[in-house]
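Take a look at the structure below.
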Amino acid sequence: MSRTCPECATTYEDEILHCPEDGLDLTGLDPDDELIGRSIGSYRVTRVLGKGGMGSVYMAEHPVIGSRVAIKFLHPQFSADKKIVDRFFNEARAVNVIGHDNILKILDLNVTEDNRHYFVMEFLYGKPLQDLAEPGTPVAVETVGPILLQVCEALAAAHERGIIHRDLKPDNIYLTIHKGRRHFVKVVDFGIAKLTDPGSGQSTGKTQTGMVMGTPAYMSPEQAGGLTTQIDARSDVYSLGVILFQLATGKLPFPGQSFGEVLIGHLQLPPPDPVAMNPLLPPEWAAIVLKCLAKKQEDRYQSMEQLRQTLAACMDHLGIGHELPLASADEMAMSRSNPGLPPQTPPPRPLTRKPAPPTPAPDLARMQHATPARPTSPPGSLIERAPERSHFPLIAGVVAVLTLALAGIGYMVWDSRKQAAQMAETMRHEAERAQREAEKQAAAAREAESKKPVEAAQSVTLFVWSDPSGTDVEAIWNGGKKQGVTPFNFDVPKNTKVHLEFRRAGYLPNPYVSDVFADASQTVQAKLVAEPKVLAASPVPGPRKTKKERPPDKQGDEDTIKIDF
């Protein structure tokens, strides 16, 4: 097994963790990854940046000008699924329609000869907003205010073009350096964005009703309930409200140990008071947070622009500026050294090549017998040098000897340090080799386990709720049965047809029946109707008849009976 450095293209054994030529970390390179070193368009893939359930993101570099990009590849097993491919390219289409500076730019999209779907993005140097949101630690309003204004502007531009993000979370808000200032926002990952017609507001996609999409901790109630037709710009307002709450308190408004527990919080529980969790939080800022988290869409801010204006006015009231903070010298130096950003003067490569051979000793005898050129006064000079014996040969000889001695000493010091470093590296390699062997054995065990039939082991979550709650539910599928009281959730084997019956005294229909195909985690909902109440019979007066006019057989029918339902 070997590793190839993407910078100098030198191949090393697996034990070498850093390239001796340029110091590049080689631990992130997967020697078995077929995309590493491959040319995609004008770029050569150098390393993997991250992997997810649908695809992987790689860093790639232009071999001539050195600029860097990020390339997202769809996993090969999904290449034949048209719905997944369309959703994958949906991100590129959505971002291209928006075209905002605070949204990650998509540069190209295509399919390789071996049917690998990909699109090329700008390469960002920075960190996700999640790095600021440390668990249990609130972030000052002075820090988050300018960041949130940019997020609002980016999403307002998206909403104007009929695009709803649907997966807004701190990991999808990237903070970069721009024009000497830090915390410049780039909103990323429009992979599950909902495209609607800006005129009618109708969705142009085919998302299945009841399908839960997004990250549970940041879902709006309509997303958590699977009400895909009701998702609009106010859904992103709610998700941003969750981020606001998290930054203001250091905690999520609806934490939970399970998928269903989190969704119940979004659907039914009121959010905690942010000021009670962070007494230093300005009450007017907390009021904005709570309005974003309203359960009903009509009770939230009705647009991102309205939320941005409210945040800006609150910041002005609190005396908080809108400008981004200046980047430090170290941050600027690191951003300039990153070829993925706009072109800058590239930094010099570190001089880690092999030292040049020692300079040979000069011929002192020849230098002493050589006749040096006598310096002459410049034309028009008022000073004429008197003839004197030159000491240049002697001085040159001494300098040459000192230079040679210093070069020899430097070489020996360098060589001794190199040997010590190699010895330390060898000892470290031995320790890491033992650790890798243990990890390989554990990985082999996991791989053996993963090779078992997985289709039967894969499961999805069904979240069941009803209006009203507290309804008895019985779910039946081939080989399984589950009973519970709404709201609750349970797991079933993937691609299973599940039959559910809702029963509650005083409500119709009884039972309420629902059949779902569990090809993905989703919400099953039932809205029961109360039985009509029968009021007591009341007499309705009618025209009185004389006894002569009454037929003999109708003597008892003196009143008409009316029943109200």
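The values are calculated or read from the model by the stated rules, or taken from the named source; none is laboratory data. Not measured: the values here are computed from a predicted model. We place every Cβ from the backbone using ideal geometry, glycine too, and count neighbours over all the protein chains shown.
Of everything in the range 517-534, what is of a type in the set (A, V, I, L, M, F, W, C), within 20 Å of Val485 (Cβ to Cβ) and surrounded by 19 or more Cβ atoms within 10 Å (Cβ to Cβ)? Give them in sequence order. If the condition is that a residue be of a type in the set (A, V, I, L, M, F, W, C), within 20 Å of Val485 (Cβ to Cβ) and surrounded by 19 or more Cβ atoms within 10 Å (Cβ to Cβ), then Val524, Ala526, Leu528 are the ones that fit. Regarding Asp108, is this residue assigned to a loop (DSSP other than H, G, I, E, B), within 21 Å of the chain's Cα centre (by Cα) and surrounded by 13 or more Cβ atoms within 10 Å (Cβ to Cβ)? Considered against the rule, which asks whether it is assigned to a loop (DSSP other than H, G, I, E, B), within 21 Å of the chain's Cα centre (by Cα) and surrounded by 13 or more Cβ atoms within 10 Å (Cβ to Cβ), Asp108 comes out as no. For the range 248-301, the set of residues classified as surrounded by 18 or more Cβ atoms within 10 Å (Cβ to Cβ), among the small types (Gly, Ala, Ser) and either within 17 Å of Glu222 (Cβ to Cβ) or at pLDDT below 95 (or both) consists of Gly260, Gly265, Ala294, listed by residue number.
Here the condition is being within 26 Å of Leu175 (Cβ to Cβ), outside the structural domain of Pro170 (by TED's automatic domain parsing) and modelled with pLDDT of 90 or more; of Asp131, Asp101, it holds for Asp101 alone. Is one or more of the residues making up the range 85-97 closer than 20 Å to Asp232 by Cα, part of a loop (DSSP other than H, G, I, E, B) and not acidic (Asp, Glu)? Checked the range 85-97: no residue is closer than 20 Å to Asp232 by Cα, part of a loop (DSSP other than H, G, I, E, B) and not acidic (Asp, Glu). Scanning the range 58-72 for residues that are closer than 24 Å to His165 by Cα, touching a residue at least 24 places away in the same chain (Cβ under 8 Å) and in contact with a Leu (Cβ under 7 Å, 6 or more places away or on another chain) gives Val69, Ala70. Among the residues making up the range 489-513, those that are surrounded by fewer than 18 Cβ atoms within 10 Å (Cβ to Cβ), within 35 Å of the chain's Cα centre (by Cα) and assigned to a strand (DSSP E or B) are Phe490, Asp491, Pro493, Thr496, Lys497. Meeting the requirement of 3 or more residues that are within 19 Å of His183 (Cβ to Cβ) and touching a residue at least 12 places away in the same chain (Cβ under 8 Å), the helices (runs of 4 or more DSSP H) wholly within the range 241-330 are 304-318. Starting from residues that are touching an Asp or Glu at 6+ places or on another chain (Cβ under 8 Å) and β-branched (Val, Ile, Thr), keep the ones in the range 454-475 and report whichever is surrounded by the most Cβ atoms within 10 Å (Cβ to Cβ). Step by step, filter the range 454-475, then rank; the result is Val473. I'm checking my understanding of the structure. Among residues of the range 166-192 that are in contact with a Gly (Cβ under 9 Å, 6 or more places away or on another chain) and under 26 Å from Lys83 (Cα atoms), which one is surrounded by the most Cβ atoms within 10 Å (Cβ to Cβ)? Checking each candidate, the answer is Leu168.
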